[in-house]
Amino acid sequence: MSDPRQRNGSAAPGTFRMRLRGLMRKEFLQIFRDPSSIAIAFLMPLILLLLFGYGVSLDSESIPVALVVEQPSADTASFTAAFHKSRYFVPTTYATTREAEAAMMARQVNAIVVLRRDFAQRLRGADGAPIQLIVNGVDANTARIVAGYVEGVWGTWLEHIALARGRSLAQPVQIEQRVWFNSELRSRNFLVPGLVAIIMTLIGALLTAMVMAREWERGTMEALLVTPVTMREIILGKLIPYFILGMGGLALSVAMAIWLFEVPLRGSPWLLFATSALFLLTALGMGLFISTIARSQFVAGQIALIATFLPAFLLSGFIFDIGSMPDIVKVITHVIAARYYVAILQTLFLAGDTWSVVLPNTLALAVLAVIFLGLTQLKSRKRLE
Amino acid sequence: MPPTAAAYQASPHSPAGPGDDTPLQFDQLSKAFRPNGRLVQALDKVSFRVRHGTVTGLIGPDSAGKTTLMRLAAGLLAPDSGSVTVLGKNATAQSLQVQAGIGYMPQRFGLYDDLTVQENLDLYADLQGVAHIDRADRYGELLQMAGLAPFTRRLAGQLSGGMKQKLGLACTLVRQPPLLLLDEPTVGVDPLSRRELWAIVDRLVRKENTTVLLSTAYLDEAERCDEVVLLHEGRRLDQGDPKTLRDRMLGRTYSLSAPNLSKRALQAHLSRAPGVLDALIQGEHVRLVMEEGTRPDLEQLLPGAEDASLTEAPPRYEDSFIALLKAQAQVHGAAPSPADPPAAAPPAAQTANAAAVIEADRLERRFGAFRAVKGISFAVSRGEVFGLLGANGAGKTTTFRMLCGLLPPSGGSLRVAGVDLRHAPAAARSRIGYMSQKFSLYSQLSVMENLRFFSSAYGLARERAQERMRWAMAEFALAPLADSASGELSLGYKQRLALACALMHEPDILFLDEPTSGVDPLARREFWQRINALAEAGVTIMVTTHFMEEAEYCDRLAIMATGEILTMGTPSAVKQHARTETLPDPTMEDAFIGLIEARAPAGTA
């Protein structure tokens, strides 16, 4: 294909602006009349945010535990009281280990804490009293958290009784934990920013690939191609409206994140919107590129889901930490645009304008945007083949 | 008036001068496609010219290469070899200039269903670069011409087929193009809309000097063109003034009637008679086309027939097409020969009540507040061929679906094969066969697998299924293709397979929904031979069609509009309705249009 500008100038009646405006107006009319576009752009973010904001929680709070007290005493009562006070646990007291085990099998409790018959007696001895902890290890993540929490409760309680007896516990070094950036360890705080990346991928890639395929499917593309319009104008005519729609979806998601879920936004909003715009371009580029291959809405939708949405969900570090993935998968994540955007979003929301994170990731996004949009421009021809 | 040019051959070596006289020229054009690795030669060294200020018809059945040719001219495809010159420019190398100069309407009109009439026009005006100050006048003119002025705010998706077609044309014409390419603009559109479209095209050519290349599968449209190019299997078979082509057949076409014989038996007999090229039922007569230099002899054709009469009939364009195709088939020697009347198996379960197999009484169907079918009554008796004709939206499809037990009626009573469809639709369904224009076959399955699937879908026992499959293979000459994927069959063979599938369970009633759309006239004749044989064997046939020729095959037909039956009767009786002093011998199309026009106020068809 020859240089489009040259072809533009010589043959086409009317102007670039008139044609582009016509295409964009058409696209907006279609967006407003077709409830499915609006649904993907605004309803989908709403549902995903509500689902992940309220429904999914990676925090461990109110964990049901079984306390087995073989010989109740003042000490055991004081210890179980410590569990009752903790907001992490909902304890149930059983008399025998057997009963507690049955409760674990029935998934009524996640852990069993056993206080032996000689608990009170050994507590006063030189070595202190041991407790037995049995954790349901099916979900390894939760198991580790539960074990840690139980240890915490145990340690605090020991300290308390030591103080009550007028002497401090002989511990030369104490670990004092501080969690940065998300001091309350609320999973919402990192899920919701990551979700914005998923939503932008949906609007950018899925919606664009589908609406482009719709033009092929309904035969309107054939009619468009036989007008003086250039391929570049057709691409821009899709890019601009869905860019605007995507930024609308972004604004909605950010607003919900800040005001509904109270996720702190520590970075600057302009940087958030600038990097988001760049990511949206990448996503739109992916969607348009898919549409150069797939000419039915069904195929375009399938490809977009598998090539953009699922990787953004699984390989972006949105839920699953990239650092703990196998090396080969780690390498693959480098071509997933969402990976860079999730990093930027989580940094901007929770840490602030940390340029050392934002800049390299932004650069990577820019490279991907150029690649996808460039490929689209290369692959798109005013031909039916 | 266009010059009545004699047929002339386009020389492949003539200079491709950008002269005004030849806005469009094809030179040795070839194009092949490779669907699933199989080579399909869509066009094979096609050359011809389109003269300025004429309507040239590109005529041929589906898969003749019409759409490929149109797309090549519009610069949407690049040829494998050869070239297309459009308005002095090469359509491949200078596609954007070409596209800026022409108007092109693809088969599906290129309309946005979720945009209004006005918004569609605005879009194309923007894309075509029509200056804003010129728009009001142009819009007014186009809307007036298309009869869409009252509907500018209606969504294009809510227009009828005929209105969509006219809007599509209006969008193509926003910037009055000197050359207009119309790809099957009349396919799937009712006769009234077809006639209106032709009026627009004629006006463009006569008044505005536009050049039009129009493709169509309807042979009767050839006669409206200044010149026709006949395309068949990617090759140009013939070209010329349709009148000249038609007049070649002068003296070879006759009309024969024999009141004592059934018209179907008569046609079956005559089509095998020596010297007969083509025999076609037309009302109460059989129309004959004789081989060149053969005169029909009544004694020889129908020995012993007493009151048979034979008169010469005016030739039609289709006759010359049939003659050409038959000559081709002889040259290639590969023509399927279903000439013997197919010995269709008699229906398994003969209905005791031979009087009426389908009985509809005040049949009604509502969709919400909309009455799609408004209390129609009719009865079809055993072995009868009954046709339903009507414009898009007349209620044909809804009626059909109710008859097949796919849609429960909202009111009235309906008995099919003696079963009340409101109570036992499944029982009735096992007695009916259904075939639609879409040929609902599984394209990835082979011929054999499709037959096996439909046998099992109809619940045939193993031995019976085997027997029926053998029957289908022999009857429809499908055996050599048993292992071919059905998606790769030619249209004619797909149609045969679809009919075979619909007949696997030997139904008493056969429903045909526009069964021969787009197939070539030879395949259509072959198809109707089979249908006629089935009817003779006692199968009741119910058919919807847009082809007026098919209407002639029916014993009786009903013309529907807006959910009602306007008229019902034999083809001759229906045609009699339209008889006036100015039109002493109306065609079925005249009758149809007359009835619809008398009924519906203009613009709401």
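The values are calculated or read from the model by the stated rules, or taken from the named source; none is laboratory data. Values in this document were obtained by computation on a predicted structure and should not be read as measured data. We place every Cβ from the backbone using ideal geometry, glycine too, and count neighbours over all the protein chains shown.
Among the residues of the range B:470-490, the ones that are surrounded by fewer than 16 Cβ atoms within 10 Å (Cβ to Cβ) and touching a helix residue (DSSP H, G or I) at 6+ places or on another chain (Cβ under 7 Å) come to 4 in all. Could you go through the range B:282-294 and let me know if any residue there is of a type outside the set (Phe, Trp, Tyr), assigned to a strand (DSSP E or B), modelled with pLDDT under 85 and within 28 Å of B:Thr545 (Cα to Cα). Yes: the range B:282-294 contains one or more residues that are of a type outside the set (Phe, Trp, Tyr), assigned to a strand (DSSP E or B), modelled with pLDDT under 85 and within 28 Å of B:Thr545 (Cα to Cα). In the range B:233-251, how many are touching a helix residue (DSSP H, G or I) at 6+ places or on another chain (Cβ under 7 Å) and buried (at least 20 other Cβ atoms within 10 Å of the Cβ)? Qualifying residue count, the range B:233-251: 4. Within the range B:203-210, identify whether any single residue is crowded, with 21+ Cβ neighbours inside 10 Å and touching a Phe, Trp or Tyr at 6+ places or on another chain (Cβ under 9 Å), and answer yes or no. No, the range B:203-210 has no match at all. Has the range A:91-107 got at least one residue that is surrounded by 12 or more Cβ atoms within 10 Å (Cβ to Cβ) and touching a residue at least 40 places away in the same chain (Cβ under 8 Å)? No, that holds for no residue. Residues that are touching a strand residue (DSSP E or B) at 6+ places or on another chain (Cβ under 6 Å) and assigned to a helix (DSSP H, G or I) were ranked within the range B:92-121; the one that is farthest from the other protein chains (Cβ to nearest Cβ) is B:Val98.
For the criterion of being at negative phi and of a type in the set (Gly, Ala, Ser), B:Ala477 fails.
Per this entry, B:Ser30 is not counted among residues that are surrounded by 11 or more Cβ atoms within 10 Å (Cβ to Cβ) and modelled with pLDDT under 70. Tell me, please, whether a residue that is surrounded by fewer than 21 Cβ atoms within 10 Å (Cβ to Cβ), more than 17 Å from A:Leu225 (Cβ to Cβ) and in contact (Cβ under 8 Å) with a residue 40 or more places away in the chain can be found in the range B:88-102. Within the range B:88-102 (the criterion being surrounded by fewer than 21 Cβ atoms within 10 Å (Cβ to Cβ), more than 17 Å from A:Leu225 (Cβ to Cβ) and in contact (Cβ under 8 Å) with a residue 40 or more places away in the chain), the answer is yes, since at least one residue qualifies.
For residues that are crowded, with 21+ Cβ neighbours inside 10 Å and of a type in the set (A, V, I, L, M), tally how many sit in the range A:225-264. Qualifying residue count, the range A:225-264: 11. For the range B:161-185, filtering for residues that are within 17 Å of B:Leu115 (Cβ to Cβ) and within 23 Å of the chain's Cα centre (by Cα) leaves 7.
Cβ-Cβ distances below 7 Å connect no pair with a first residue in the range B:253-265 that is in the same structural domain as B:Gly293 (by TED's automatic domain parsing) and part of a loop (DSSP other than H, G, I, E, B), a second residue that is surrounded by fewer than 16 Cβ atoms within 10 Å (Cβ to Cβ) and polar (S, T, N, Q), and a separation of six or more residues or different chains. Residues in the range A:17-36 that are more than 10 Å from every other protein chain (Cβ to nearest Cβ) and at pLDDT below 85: A:Pro35, A:Ser36. The selection criterion, being within 12 Å of chain A (Cβ to nearest Cβ) and out of contact with any strand residue (DSSP E or B) (no Cβ under 6 Å at 6 or more places or on another chain), does not hold for B:Leu72.
Condition (residue is hydroxyl-bearing (Ser, Thr, Tyr) and not in a helix (DSSP H, G or I)) applied to the range B:162-179: is it met by at least one residue? No, there is no match, as no residue in the range B:162-179 is hydroxyl-bearing (Ser, Thr, Tyr) and not in a helix (DSSP H, G or I). Apart from one condition, B:Arg38 fits all of (1) more than 14 Å from chain A (Cβ to nearest Cβ); (2) over 27 Å from the mean Cα position of the chain (by Cα); (3) surrounded by 17 or more Cβ atoms within 10 Å (Cβ to Cβ); the exception is (3).
Each residue in the range B:122-160 was checked for being of a type in the set (A, V, I, L, M, F, W, C) and away from chain A (no Cβ under 11 Å), and 10 pass.
Flag not set for B:Ala78, criterion: part of a loop (DSSP other than H, G, I, E, B), in contact with a His (Cβ under 7 Å, 6 or more places away or on another chain) and either at the interface with chain A (Cβ under 7 Å from one of its Cβ atoms) or modelled with pLDDT under 90 (or both).
Let's see how each residue does on (1) surrounded by 21 or more Cβ atoms within 10 Å (Cβ to Cβ); (2) aliphatic (A, V, I, L, M); (3) modelled with pLDDT under 85; (4) more than 19 Å from B:Pro61 (Cβ to Cβ):
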site: B:Arg556; (1), (2), (3), (4): no, no, no, yes
site: B:Pro571; (1), (2), (3), (4): yes, no, no, yes
site: B:Asp585; (1), (2), (3), (4): no, no, yes, yes
site: B:Pro601; (1), (2), (3), (4): no, no, yes, yes
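Report whether or not A:Gly14 is within 14 Å of chain B (Cβ to nearest Cβ), at positive phi and modelled with pLDDT under 85. For A:Gly14, the condition - within 14 Å of chain B (Cβ to nearest Cβ), at positive phi and modelled with pLDDT under 85 - is met.
The helices (runs of 4 or more DSSP H) falling completely within the range A:13-97 that include 2 or more residues that are not assigned by TED's automatic domain parsing to the domain that holds A:Gly152 map to A:16-33, A:35-38, A:44-50. Exactly one residue out of A:Leu368, A:Leu305, A:Leu314, A:Leu363 is farther than 25 Å from A:Asn141 by Cα and free of Cβ contacts under 8 Å to residues at least 24 places away in the same chain: that is A:Leu363.
Against the numbered list (1) under 21 Å from B:Gly395 (Cα atoms); (2) charged (D, E, K, R); (3) at pLDDT 85 or above, B:Lys575 comes up short only at (1). A:Glu101 meets the conditions (1) within 34 Å of the chain's Cα centre (by Cα); (2) part of a helix (DSSP H, G or I) in every case but one. The failed one is (1).
Here the strands (runs of 3 or more DSSP E) wholly within the range B:190-247 that include at least 1 residues being at positive phi are B:235-240.
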